[in-house]
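Below you'll find the structure, written out as structure tokens, and then a few comments.
The values are calculated or read from the model by the stated rules, or taken from the named source; none is laboratory data. The structure displayed is predicted, hence computed values, not measured ones. A quick note on method: Cβ atoms are made from the backbone with ideal geometry, for glycine too, and the neighbour counts reach across all protein chains shown. Side chains included, ligands, DNA and RNA excluded: accessible areas come from the protein's heavy atoms. Shrake-Rupley method; radii C 1.70, N 1.55, O 1.52, S 1.80 Å.
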Amino acid sequence: MKALFEKIDTDGASFHVRQRAGSHFDFCWHFHPEFELTYIVSSRGRRFVGDSMEEYSDGDLVLLGGNLPHTWQSDEAGRRGSRHVAVYAQFLDSFLGEAFMQKQELAQVSRLLQRAAPGLVFSGRTQRAAGAMMQELLRASGMKRLLKLLEILEVLSRSDEVSTLS
């Protein structure tokens, strides 16, 4: 199946952050040049990333590299009377300028983004801490929103509770 290209509109902001909520998540195989950090607040089903297909549930936390096909599809049984909620942020590696990620202070975050090309899934304390911060990110605005994304990326960059997906 061919993945659909998705154009991300940041509305003039440096990155896109949204909440997806509904009675279920439909299969929508797609890709975009932006990195995507997705936190599943509540849902169960299958996560498809590149050539990986795995079960997911509440708390799933994934960082995807740009142009990596992906989708989440909720289980049929989980659709009945459940509310499926995800928070996600989408950003280019140049979201703060072409040379920003090359600065010494961001070397660890830059390495994280390079490692994310095939997709990364986080677990344990990292998953719980970053998941809570993702919900804060959704509510933040202005400079606090930008700093919160950098804080999340820094936490993920220090984690050893991570596995490659695809």
Next item on the list: Any chance you could give the angle, 0 to 90 degrees and rounded to 10, that helix 124-139 forms with the longest Cα principal axis of the chain?
Entry: 80 degrees
Note to self: Between H24 and L147, what's the calculated FRET efficiency when r is the beta-carbon distance and R0 is 41 Å? Round to 0.05.
What the structure shows: 0.75
Notebook entry, point to check: With the chain treated as a Gaussian network of Cα nodes joined by springs under 10 Å, which of F100, F25, F35 yields the largest mean-square fluctuation?
Noted result: F100
Margin query: If you build the convex hull over the alpha carbons only and average its shadow over all orientations, what do you get for region 108-165? Give it in nm² to one decimal.
Written below: 3.9 nm²
Notebook entry, point to check: Which residue, G119, G131, G142, tops the fluctuation ranking in a GNM of the chain built on C-alpha contacts under 10 Å?
Noted result: G142
Checklist line | Angle between the chain longest axis and helix 142-158 axis [Cα atoms, degrees, rounded to 10] | finding: 80 degrees
Margin query: Which of L150, L64, L113 ends up with the largest GNM mean-square fluctuation for the chain, with Cα atoms connected below 10 Å?
Written below: L150
Notebook entry, point to check: Given q = 0.22, 0.27, 0.29 Å⁻¹, what are the Debye log10 I(q)/I(0) values for region 1-45, with equal point scatterers placed on the Cα positions and solvent ignored?
Noted result: -1.04, -1.25, -1.27
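Just need the Rg to Rh number for the chain, please, alpha carbons only, Kirkwood Rh. Walk me through the numbers on the way to the answer.
Details: Rg = 15.1 Å, Rh = 16.0 Å.
My calculation puts Rg/Rh at 0.94.
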Next item on the list: Could you tell me what percent of the accessible area of region 15-89 is made up of carbon and sulfur, with a 1.4 Å probe and every protein chain present?
Entry: 46 percent
Check: Given a 1.4 Å probe, how much area per residue of region 8-144 is accessible, in Å²?
Finding: 49 Å²
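Given contacts defined as C-alpha pairs under 8 Å and at least six residues apart, what's the relative contact order of region 34-166, whole-number percent? The partial results should precede the final answer.
Values: 231 pairs, mean separation 38.5, N = 133.
Computed value for region 34-166: 29 percent relative contact order.
How much length is gained on full extension from S52 to K103, taking 0.36 nm per residue of separation minus their Cα-Cα distance?
Working: separation 51, 0.36 × 51 = 18.36 nm, distance 3.27 nm.
Using 0.36 nm per residue and subtracting the Cα-Cα distance, I get 15.1 nm.
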Next item on the list: Specify which residue in the list V49, L149, F100 is farthest towards the positive end of the charge dipole of region 24-166, using unit charges on the beta carbon of Lys, Arg (+1) and Asp, Glu (-1), about the Cα centre.
Entry: L149
